[in-house]
Amino acid sequence: MKRVVVLLVVCLLFVGCNRNPLTGQRTIALVSNNTLFPMAFQQYEDFLNENTLVTGTAEAEMVRRVGDRIRLAAESLLAAEGHENYLDDYQWEYHLVQSNEVNAWVMPGGKIVIYTGILPLAGNEDGLAVIMGHEVAHAILNHGQQRMSASLLREIGRLGISIGASLLDLPSDTQRLILAAYGVGSHLGAILPFSRSHENEADYYGLILMTIAGYDQNAAVSFWERMAALGGGGLEWLSTHPSSENRAGQLQGWIPETREIADQIKLSISYVQ
């Protein structure tokens, strides 16, 4: 039975992989976008129906405008990499939602929410482009698909350990301890680092996207410095996100490299035009 579980995991990893067109890396994809996108679209629609949308204001128009510019930058970036049709199944939406929460998020397939509570921290359109670039980067990097796949793998691992412990006829208390240790260990040692790596990727490519779109890269550093000043981040290794201080420092270091990439993309666009 243990061999069957191991073989199942190996088969899933072999079959359920995609190569991301931006990073060039193979990523786990146990759930296809054909399955994931409709689910995300319905959940997004449900969320919009249950919350207060802000429309017809200067802030709502800014969210729409910045979203469109970042989306076009994403299309340009992927086209320059030879993946003109990569975003065909995406259905982009960006909505401003009334909430004091300092947050923004994206669902697979390009469904984005910006909370009004984060706008003061953004400060201006460049600051909003930092946020929007980060969320669009999550979407085009298929991070939602990867996280769902990682959760499935974690459950498969838990099943394998449970079956193995039963076959060894271990006492029930021992089995519970083993499963609890696996849960904590996989969360701290795999799920959280995996999530933080996604945040770093989204920061990096978000910086490229906002630069292609014509926004000031320095706004990214300033934004995360303001976020750090809010405090309350806690220990990074216990979080799904890198610390705000580290993000500001990383973004500062990435500016020359990402500006060069963005300039090359903009140059290729001008040649096509």
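The values are calculated or read from the model by the stated rules, or taken from the named source; none is laboratory data. Since the structure is predicted, the reported quantities are computational estimates derived from the model, not experimental observations. Cβ: placed from backbone, ideal geometry, glycine included. Neighbour counts: every protein chain shown. Accessible surface areas use protein heavy atoms only, side chains included; no ligands, DNA or RNA. Shrake-Rupley method; radii C 1.70, N 1.55, O 1.52, S 1.80 Å.
Here Arg64 passes the criteria (1) in a strand (DSSP E or B); (2) out of contact with any Leu (no Cβ under 6 Å at 6 or more places or on another chain) except the one numbered (1). Name the single residue, out of those in the range 231-273 being among the hydroxyl-bearing types (Ser, Thr, Tyr) and in a helix (DSSP H, G or I), that is modelled with the highest pLDDT. Looking at the filtered set, the residue picked out is Thr258. Within the range 212-223, residues that are buried (at least 17 other Cβ atoms within 10 Å of the Cβ) reach partners that are of a type in the set (Asp, Glu) and outside any loop (DSSP other than H, G, I, E, B) with beta carbons closer than 7 Å, at six or more positions or on different chains, in the pairs Tyr215/Asp126; Ala219/Asp126. A single member of Arg3, Arg19 is open to solvent by 40 Å² or more (accessible area, probe 1.4 Å) and at pLDDT 70 or above, and it is Arg19. Does Ala104 satisfy the condition of being over 16 Å from Leu48 (Cβ atoms), of a type in the set (Gly, Ala, Ser) and in contact with a helix residue (DSSP H, G or I) (Cβ under 6 Å, 6 or more places away or on another chain)? No: the conditions fail for Ala104. Which one is least open to solvent (accessible area, probe 1.4 Å) among residues in the range 35-70 that are of a type in the set (S, T, N, Q) and more than 16 Å from Gln98 (Cβ to Cβ)? Ranking the qualifying residues of the range 35-70, first place goes to Thr35. Looking at Glu75, is it open to solvent by 50 Å² or more (accessible area, probe 1.4 Å), under 30 Å from Ser268 (Cβ atoms), out of contact with any Gly (no Cβ under 6 Å at 6 or more places or on another chain) and not in a strand (DSSP E or B)? Judged against the criteria, Glu75 is a match. Regarding the range 86-106, can at least one residue be identified that is touching a His at 6+ places or on another chain (Cβ under 9 Å), within 15 Å of Ala40 (Cβ to Cβ), open to solvent by 30 Å² or more (accessible area, probe 1.4 Å) and not in a helix (DSSP H, G or I)? For the range 86-106, residues touching a His at 6+ places or on another chain (Cβ under 9 Å), within 15 Å of Ala40 (Cβ to Cβ), open to solvent by 30 Å² or more (accessible area, probe 1.4 Å) and not in a helix (DSSP H, G or I): present. The residues of the range 110-128 that are in a loop (DSSP other than H, G, I, E, B) and touching a helix residue (DSSP H, G or I) at 6+ places or on another chain (Cβ under 6 Å) amount to a single one, Gly110. Take the conditions (1) at pLDDT below 95; (2) surrounded by 16 or more Cβ atoms within 10 Å (Cβ to Cβ); Ser172 misses just one of them, which is (2). Contact map, the range 85-99: residues that are closer than 15 Å to Met132 by Cα paired with residues that are open to solvent by 30 Å² or more (accessible area, probe 1.4 Å) and of a type in the set (Lys, Arg), Cβ distance under 6 Å, separation 6+ or inter-chain. Pairs shown: Trp92/Arg71. For Ala228, state whether it is surrounded by 15 or more Cβ atoms within 10 Å (Cβ to Cβ), assigned to a helix (DSSP H, G or I), touching an Asp or Glu at 6+ places or on another chain (Cβ under 8 Å) and modelled with pLDDT of 95 or more. Answer is no for this residue.
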